[in-house]
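Structure first, commentary second.
The values are calculated or read from the model by the stated rules, or taken from the named source; none is laboratory data. The model shown is predicted, which means the values in this text are computed figures rather than measured ones. Note: ideal-geometry Cβ built from the backbone for every residue, glycine included; neighbour counts use all protein chains shown. Surface areas here come from the heavy atoms of the whole protein model, side chains and all, with no ligands, DNA or RNA. Shrake-Rupley method; radii C 1.70, N 1.55, O 1.52, S 1.80 Å.
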Amino acid sequence: MNLIGEAIAWIFSGDPGQFDSIPVAIGVQLLYTLVAILIAGAIAIPLGWYIGHTGKGRETAVAISGAARAIPSFGLLILLTLLLGVLHKPEAAIISFVILAIPSLLAGAYTGFEAIDRRVIDAGRSMGMTETQILWRIEVPLGLPLLVGGIRAATLQVLATVTIAAYIGLGGLGQYIIAAIPLRRFDILIGGAILVALLALITDGLFALLQHLVVPRGIRAAGASQPQRRSARQRRAEAIAVGAPTAPPATP
């Protein structure tokens, strides 16, 4: 308990010592996270929408996502730093974080479309809607909650992993954890861990609120008046979006 008290006292002391100030470290942590999520989103979201809309390439996407999740982030960061050189450490870090973020974003994009009741899409086609209209007026709005869930999972993964960027001298909240070990400053080490956890919890709470807000009003109203029965497809899609293992769909 003394160490935790000392860590909290260090956080509020305003004296980071030889390290960057806490606001600067949080800014670096968020900057790397934001850049990685934006780049990964530009790659994964259009691809996921294409897979979800056409139904093509799903098996390949699942295989690639699973393989990418198995890559150790720390090992990849060190490897890319060695390959690109010490002058390109930020680029090596961003590439590592982008690779980490893509699986959750890709899964959130295509499972959002897969969870939509096919009868809704068929009704749109019967009304004469084009494929582009179906995409933007039906699939994207209805699939947005699961996409935000994928963004939420990817952001939390990257936000926590950016901590290791301090190992190659890129700052962030990880500097308090990594640099404090040889200095035996356990108050700073625990303080850094508390800051990372608090930042992740706040981010998760904001995304949880956003995920609730993007649910279309009609569906939200129907769910409030009558408990929604989720199909096996919807439950499986939600699990895939957050990276949870799922059983394969039953074959008739």
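Among the residues in the stretch 15-32, are any under 17 Å from the mean Cα position of the chain (by Cα) and surrounded by fewer than 19 Cβ atoms within 10 Å (Cβ to Cβ)? Yes, some residue in the stretch 15-32 is under 17 Å from the mean Cα position of the chain (by Cα) and surrounded by fewer than 19 Cβ atoms within 10 Å (Cβ to Cβ). Among residues that are open to solvent by 60 Å² or more (accessible area, probe 1.4 Å) and either in contact (Cβ under 8 Å) with a residue 60 or more places away in the chain or at positive phi (or both), Tyr176 is not included.
Among the listed residues Val148, Val215, which satisfies the condition of being modelled with pLDDT under 90, surrounded by 12 or more Cβ atoms within 10 Å (Cβ to Cβ), more than 25 Å from Ile78 (Cα to Cα) and β-branched (Val, Ile, Thr)?
Details: Val148 fails: modelled with pLDDT under 90.
Every option except Val215 fails the conditions.
Within the stretch 100-108, is there a residue that is open to solvent by 20 Å² or more (accessible area, probe 1.4 Å) and touching a residue at least 24 places away in the same chain (Cβ under 8 Å)?
Of the stretch 100-108, the ones open to solvent by 20 Å² or more (accessible area, probe 1.4 Å) are 100, 102.
Subsequent filtering for residues that are touching a residue at least 24 places away in the same chain (Cβ under 8 Å) retains 100, 102.
Looking for residues that are open to solvent by 20 Å² or more (accessible area, probe 1.4 Å) and touching a residue at least 24 places away in the same chain (Cβ under 8 Å), one finds at least one in the stretch 100-108, hence yes.
Where helices (runs of 4 or more DSSP H) sit wholly within the stretch 120-213, those with at least 1 residues that are touching a Leu at 6+ places or on another chain (Cβ under 7 Å) occupy 140-161, 174-178, 180-183, 186-213. Quick check, is Ala154 of a type outside the set (Val, Ile, Thr) and over 26 Å from Ile22 (Cβ atoms)? No, not satisfied.
Pick from Ala193, Ala200: which is small (Gly, Ala, Ser), open to solvent by 20 Å² or more (accessible area, probe 1.4 Å), within 20 Å of His212 (Cβ to Cβ) and in contact with a helix residue (DSSP H, G or I) (Cβ under 7 Å, 6 or more places away or on another chain)?
Working: Ala193 fails: within 20 Å of His212 (Cβ to Cβ).
Result of the check over Ala193, Ala200: Ala200.
Could you tell me which residue of the stretch 37-64 is modelled with the lowest pLDDT, considering only residues that are part of a helix (DSSP H, G or I) and farther than 20 Å from Leu144 by Cα? Among them, the one singled out is Ile64. Going by what's in this entry, would Phe19 be described as over 13 Å from Ala154 (Cα atoms) and assigned to a helix (DSSP H, G or I)? Taking the combined requirement at face value, the residue does not satisfy it. Here Leu135 qualifies as surrounded by fewer than 24 Cβ atoms within 10 Å (Cβ to Cβ) and either touching an Asp or Glu at 6+ places or on another chain (Cβ under 8 Å) or touching a residue at least 24 places away in the same chain (Cβ under 8 Å) (or both).
Entry remark, the stretch 109-132: residues being of a type outside the set (A, V, I, L, M), surrounded by 13 or more Cβ atoms within 10 Å (Cβ to Cβ) and free of Cβ contacts under 8 Å to residues at least 24 places away in the same chain number 2 in total.
Within the stretch 95-135, which residues are within 19 Å of Leu147 (Cα to Cα) and acidic (Asp, Glu)? Once the filter is applied, which keeps residues that are within 19 Å of Leu147 (Cα to Cα) and acidic (Asp, Glu), the stretch 95-135 yields Glu114, Asp117. The numbered conditions (1) farther than 17 Å from Tyr32 by Cβ; (2) modelled with pLDDT of 90 or more; (3) not small (Gly, Ala, Ser) are all true for Val120 except (2). Checking the stretch 183-206 against the condition returns a match, with at least one residue being touching a Ser or Thr at 6+ places or on another chain (Cβ under 7 Å) and farther than 23 Å from Gly5 by Cβ.
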